[in-house]
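Notes to accompany the following structure.
Laboratory data are not the source of any read-out in this text; all were calculated from the coordinates shown. If you're wondering where the values come from, they're calculated on a predicted model, not measured in any experiment. Cβ: placed from backbone, ideal geometry, glycine included. Neighbour counts: every protein chain shown.
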Amino acid sequence: MFRFLGIVALMTGVATAGIVLEKRALEIRRLNTRQHFRLEVLRDRRAELQMQTQQLSGARRLTGPLREGLIAPRPQPTGSQPLALPLPELRIPVRDRASSR
């Protein structure tokens, strides 16, 4: 009788330990899945912010030559109102190929 109760208690203890270990493994898998999801969300957010940064810094790159004097705004015609903002003219220094050789 005592042997039987000992075996039942041992089997119950082993089963309980197995259940505890399975619960812990499931919890770790859930945490891992959650972290992967958060990582994907953060990667998407980073890509959005990089794209927004590039879009916002594009204006600075375009107006840089205007500030440096390489681009001069076109003179406005007198007597008429332009429909849009005037486009700047680009002054690019050109070297003569014959004199550079």
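Table for the structure above
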item	result
The stretch 1-63 - Rg over Rh from alpha carbon coordinates, Kirkwood radius	1.65
Debye, to nearest 20: dipole size of the stretch 1-63, +1 on Lys, Arg Cβ, -1 on Asp, Glu Cβ	220 debye
